[in-house]
Amino acid sequence: MRIAGGCQLKGEIEISGAKNLALPAVVATILTEEPVTLRNVPNLADVKSLLELLDCFGTEINYKDTHTITLSTRNIKSTLAPYDFVRKMRASILSLGALIARYKKATVSLPGGCAIGARGVDLHIKALEALGAHIDIKNGYIEAEAPKGLVGCDITFPMTTVTGTENILMAAVLAKGITRLINAAMEPEVEAFCELLNKMGARITGAGTSVITIEGVDSLHGTEYKIIPDRIEAGTYAIATAITNGKVLLKNCEYEHLASFFETLNLVGISCEQKENGVLISCNAEEIHPVSIQTAPYPGFPTDLQAQYTVLMSLANGGSSITENIFENRFMHIPELARMGADITIHGKTAIVNGVKKLAGAQVMATDLRASVSLVIAGLVAEGETVVNRLYHLDRGYENLEEKLNNCGANVERFEV
């Protein structure tokens, strides 16, 4: 992707459906033999990869339009999630909970995905074993079975896990008795996922809190559900607007889903104004104020916005610190930013950022999804031309990125090498 620096973003950007809800929602359709229609599904590489996996299982997939999909899993032909599918994206591990819940067995490859840390699946496995599943790890695959079904119990996660919470939610909705998930993830996507499952006939209470209670039912039914807006995409464009001294309305953005993030931007000198149809981002200061942050599970500062925020701080008037508490390898964008003139040093899980007057365009390499978009943001404000390589990471999480940016005055183009 070639980015000509020096633009000022102005206009409107429509926020797409949330990737981190669409993925578990697609998998949840396995839990019923009836059709489930999902609306506002983002058109992303990760979603397409997951749909290919469901097709492998035997799910019927019908598109009404680009963003509306009906999925029907009446008769499954396989409970195997092969390595070739799972290696592309970690969300494939979610099929483990859904398959063992409905079909009493599953064989799922250990996952791949972004290189931002180990992110082991041991929390998923231990929770499923607590529900009564027998699990073996053989030749890179998780082999799970529960011939008599799963039985509800109390499960305490030693650390907060979004995917783990979602996986065990799917396992527990068809388990016998009551399951309580303690230290459950509280992200808006998890709360919305519980809403979807309840619309399918599940009995879940406590969504949005750290304790979720699931009363098992015999079966789920079909429904129709609209995916909520993607708060990480919204936060990304908020930072892109701020760093270019622009003014952009983020249409459909849910302010409360990013409240702590917007509070941080206000301290930086960015106006984040809630409107009837979204959030208006604009600069209300002559300079970027340095504000240190630490990433934390929701409602704290999102780890998925850390790389983008680091770019913003690289141009602040002073020094700040960025502490990454969620993933251990999530500073891989920093050497690339250094190629563009950023002054950042890493000390363990903290990056010390000394703001500079300007960045300069350069050839850079994307290492993961959020790192890739942070380099695009840096390119928007850098002097000269920036070229971002390995765009496949970007396409996993951002729909029509260059079109959305160019409609607001950017000069971004994709080209073949």
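Values in this text are rule-based calculations from the coordinates and carry no lab data. Since the structure is predicted, the reported quantities are computational estimates derived from the model, not experimental observations. Please note: Cβ atoms are built from the backbone with ideal geometry, for glycine as well, and neighbour counts cover all protein chains shown.
From the cross-link list Lys19/Lys226; Lys126/Lys148; Lys48/Lys148; Lys64/Lys199; Lys64/Lys88; Lys88/Lys226, which pairs have alpha carbons spaced over 24 Å apart?
Correct reply: Lys48/Lys148; Lys64/Lys88; Lys88/Lys226.
If the viscosity is 0.692 mPa s and the temperature 37 °C, what translational diffusion coefficient in µm²/s does Stokes-Einstein give for the stretch 190-283 when Rh comes from Kirkwood over Cα pairs?
216 µm²/s
Suppose R0 equals 35 Å; then what is the FRET efficiency for Asn389 and Glu12 from their Cβ-Cβ distance, rounded to the nearest 0.05?
0.75
Extension gain Ile137-Lys358, at 0.36 nm per residue separation less the Cα-Cα distance, in nm?
My answer for the length gained is 74.5 nm.
Using Cβ contacts closer than 10 Å as the measure, can you line up Met1, Met159 from fewest to most?
Met159, Met1
Tell me the mean residue ellipticity at 222 nm calculated for the chain from its helices only (DSSP H runs of n ≥ 4, each -39500 (n - 2.57), averaged over every residue, nearest 500).
After summing the helix terms and dividing by the residues of the chain, the value is -9000 deg cm²/dmol.
Between Glu413 and Asp343, with labels modelled 7 Å along Cα→Cβ, what's the label distance in nm to one decimal, could you check?
3.5 nm
Can you figure out the FRET efficiency of Glu403 with Ile182, using R₀ = 35 Å and their beta-carbon distance, to the nearest 0.05?
E(calc), rounded to 0.05, equals 0.20.
Divide the volume of the convex hull of the Cα atoms of the stretch 19-226 by its number of residues and quote the answer in cubic angstrom per residue.
Given the Cα convex hull of the stretch 19-226, per-residue volume reads 102 Å³.
Report, in degrees rounded to the nearest 10, the 0 to 90 angle that the Cα long axis of helix 259-268 makes with the longest principal axis of the chain.
With both axes taken from Cα atoms, the answer is about 10 degrees.
Exactly which trypsin sites (Lys or Arg not before Pro) in the stretch 139-220 are in a DSSP loop and have at most 13 other Cβ atoms within 10 Å?
In loop regions of the stretch 139-220 (DSSP not H, G, I, E or B), the sparsely surrounded trypsin sites (Lys or Arg not before Pro) are Lys148.
How would you rank Glu385, Glu416, Glu286, Glu166, going from fewest to most other Cβ atoms within 10 Å of each one's own Cβ?
Lowest to highest Cβ neighbour count: Glu416, Glu286, Glu385, Glu166.
For Ser219 and Thr323 in one chain, what is 0.36 nm times their gap in residues minus the Cα-Cα distance, to one decimal in nm?
Using 0.36 nm per residue and subtracting the Cα-Cα distance, I get 33.0 nm.
Given 0.36 nm per residue, what is the gain on full extension from Cys56 to Glu273 after removing their alpha carbon distance, in nm?
That pair, Cys56 and Glu273, stretches by 73.6 nm at full extension.
Give me the lysines in straight-line cross-link reach of Lys357: C-alpha distance below 28 Å, same-chain residues under 8 apart excluded.
Lys10, Lys247, Lys349, Lys404
Taking the alpha carbon gyration tensor of the chain, what are the square roots of 5 times its eigenvalues, largest first, to the nearest whole Å?
Semi-axes from the Cα gyration tensor: 38, 21, 20 Å.
Mind listing the phi-derived Karplus ³J(HN,Hα) values for the stretch 25-36, rounded to whole Hz, using 6.51, -1.76 and 1.60 with θ = phi - 60°, and x for any glycine or proline?
Along the stretch 25-36, the couplings run 5, 4, 5, 4, 5, 5, 6, 9, 7, 8, x, 10 Hz.
Could you work out how far helix 188-199 tilts from the main Cα principal axis of the chain, as a 0 to 90 degree angle to the nearest 10?
The answer is roughly 30 degrees.
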